[in-house]
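Structure first, commentary second.
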């Protein structure tokens, strides 16, 4: 009889203990679910402002609550944006999160249908708008088929356009803020920086030709005219180049 009573008491205690644990777990979950994130730090963004990133990633009210955001992050439920390759969330505590951005950088644009369409290093359109952004060259000289946001630009000469994309990437890597890139159907290229036009000739040795211009930037600063690098030869490292000063009269 006493053994039965002890068993009953033990069972009751066990049930009470489990009930307390369950209540504590539910209470903690409710508290965490409603705990607001009060500090958000953004790192790695160039094309977006910190406030724009916050508005994009934390647009839903639930994204501003710790537990909801933590669960979405662990389940890999990240949002997709054209100009962002990926992002990572680092939870410092239940009130503070760091956001690390990997951007899909725009390197050039084309004018089409009254808008400027900005593309990345793969020639994929990542942004469009009626306003021309600074320090991003516009590619001119070609015609384009229908252009769709999020897809590669299709030109009536894809090979030449891809060479223009490659040139835009080289210029950006060198930190050269070109105004425009012109390409012809004969596969000849030029780019313009302020008042300097740089003739590159065909698509061979584009990186080396841009490097030659890069080395002469300070000499050309404040001048106006055309620099001819179309006769560049890898074999002749001491060759001279023609700079034709623009007649200002």
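The values are calculated or read from the model by the stated rules, or taken from the named source; none is laboratory data. Values in this document were obtained by computation on a predicted structure and should not be read as measured data. Don't worry about glycine lacking a Cβ; one is built from the backbone with ideal geometry, like all the others, and counts go over all protein chains shown.
Taking region 126-149 as the region of interest, how many residues are outside any loop (DSSP other than H, G, I, E, B) and touching a residue at least 40 places away in the same chain (Cβ under 8 Å)?
The initial filter retains those residues of region 126-149 that are outside any loop (DSSP other than H, G, I, E, B), namely 126-129, 138-140, 144.
From what is left, the residues that are touching a residue at least 40 places away in the same chain (Cβ under 8 Å) are 126-127, 138-140.
Total meeting the criteria: 5.
Among the residues of region 208-240 satisfying the criterion of being farther than 15 Å from residue 195 by Cα and surrounded by fewer than 10 Cβ atoms within 10 Å (Cβ to Cβ), which is modelled with the lowest pLDDT? Across region 208-240, the extreme among qualifying residues is 237.
Here residue 51 passes the criteria (1) in a strand (DSSP E or B); (2) modelled with pLDDT of 85 or more except the one numbered (1). Tally up the residues in region 150-159 that are touching a residue at least 12 places away in the same chain (Cβ under 8 Å) and assigned to a loop (DSSP other than H, G, I, E, B), please. So the count comes out to 5. Of all the listed residues (118, 100, 87), the sole one being over 21 Å from residue 37 (Cβ atoms) and in contact (Cβ under 8 Å) with a residue 12 or more places away in the chain is 118.
Looking at region 70-82 only, could you name the residues that are in contact with a strand residue (DSSP E or B) (Cβ under 7 Å, 6 or more places away or on another chain) and under 18 Å from residue 96 (Cβ atoms)? Step through it out loud before you land on a result.
Going through region 70-82, the residues in contact with a strand residue (DSSP E or B) (Cβ under 7 Å, 6 or more places away or on another chain) turn out to be 70, 73, 78, 82.
Within region 70-82, 70, 73 qualify.
Where strands (runs of 3 or more DSSP E) fall entirely within region 160-221, those with at least 2 residues that are in contact (Cβ under 8 Å) with a residue 40 or more places away in the chain are at 180-183, 188-193. Looking at this structure, is residue 95 at negative phi, assigned by TED's automatic domain parsing to the domain that holds residue 46 and in contact (Cβ under 8 Å) with a residue 60 or more places away in the chain? Against the criterion (at negative phi, assigned by TED's automatic domain parsing to the domain that holds residue 46 and in contact (Cβ under 8 Å) with a residue 60 or more places away in the chain), residue 95 qualifies.
Name every residue in region 103-115 that is touching a residue at least 60 places away in the same chain (Cβ under 8 Å) and in a loop (DSSP other than H, G, I, E, B), in order of residue number. Within region 103-115, 105, 107 qualify. Inspection of region 135-149 finds no residue satisfying the criterion of being touching a helix residue (DSSP H, G or I) at 6+ places or on another chain (Cβ under 6 Å), assigned by TED's automatic domain parsing to the domain that holds residue 112 and at positive phi. Just one of (1) more than 23 Å from residue 106 (Cα to Cα); (2) surrounded by fewer than 16 Cβ atoms within 10 Å (Cβ to Cβ) fails for residue 175. It is (1).
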